[in-house]
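Taken together, the values in this text are just the output of simple stated rules run on the coordinates, not laboratory data. Computed from a predicted structure; not experimentally measured. Here the Cβ positions follow ideal geometry from the backbone for every residue, glycine too, while neighbour counts run over all protein chains shown.
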Amino acid sequence: MEFRTAIGYDKHPLKKGIPFVLGGVRIPHGKGLSGHSDGDVLLHALVDALLGGAALGDIGGFFPDTDARWKGANSQIFLKKACTLLEKKKISITFVDIIVLAEKPKLSPVFESIRANLALLLHLPSTRISLKAKTGEKMGDIGKERAVAVFAAVTLKIEGKRK
Ligand code: MG
C-alpha cells in the first residue's frame with residue numbers, strides 16, 4: 001500500500017459586484033472572486049492538489065483559461081474531472097486539509113456548508129475534510145481585501161501496483 005501527500009495553491013482577485021463562490025457554496029458578500037471560470041479559488045487549489053498527487057500536472061493543463069468552454073464555468077466540474085482521473089489510476093482520497101486566506105467575509109459560519117458540499121463531491125465523510133481560515137492581519141493584498149488565496153493538502157492512497 002502506498003500513500004502520497006500533495007499540495008495545491010491558488011489565489012484570485014476580489015472584485016465588486018460579482019458572486020463570491022467558495023467550495024461550491026455561494027456566500028453573500030459585496031465582492032466576489034474574479035477569474036475565467038467562477039473563480040472558486042478553493043476548488044482550484046484542491047484540484048491542483050489532487051492532480052499533483054497523481055503527477056498529472058495542474059488545472060491549467062486540463063482547463064486552460066484561454067478556452068471559451070470554461071468561461072464562467074462552475075468549478076465543481078473541474079473537481080469531478082480530477083476525481084475521475086484519480087479513480088482511473090486507482091488513487092483514493094484519504095484526507096483533505098484546506099486553509100483559506102481571506103480578510104473577509106468571515107468564513108466560520110459557512111464552513112459546515114462547504115465541508116458538506118466537498119464531502120458530496122469527493123464521496124468522503126466530512127470528518128475527513130478539514131477547513132481552516134486565516135486573515136492577512138490587514139497586511140498585503142489578502143489583508144487589504146484585494147485577494148483570497150487557498151492552500152489545499154491531500155493524503156492519497158494508491159491501490160494495488162504502483163502506478
Ligand atoms: Mg484559479
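Overview of results
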| quantity | calculated |
| --- | --- |
| Isotropically averaged projected area of region 71-117, using the convex hull of Cα atoms (one quarter of hull area), nm² | 4.8 |
| Overall dimensions of region 2-158 by Cα: Rg and Dmax, Å | 14.8, 46 |
| Spin-label proximity, LYS89 to region 139-157 - amide N less than 15 Å from point 7 Å beyond Cα toward beta carbon | 154-157 |
| Reference-scaled alpha-carbon Rg (2.2 N^0.38 Å with N residues) for region 17-60 | 1.30 |
| Gain upon complete extension [ASN74, LYS16; 0.36 nm per residue less C-alpha separation] | 19.0 nm |
| For region 24-37, Karplus couplings with θ = phi - 60° (6.51, -1.76, 1.60), whole Hz, Gly/Pro x | x, 10, 7, 10, x, 6, x, 10, x, 9, 8, x, 5, 8 |
| Stretch gain in nm, segment HIS36-ASP141, where the contour uses 0.36 nm per residue and the Cα spacing is subtracted | 35.8 nm |
| Label-point separation in nm, LEU56 to LYS104, each point 7 Å along Cα→Cβ | 3.8 |
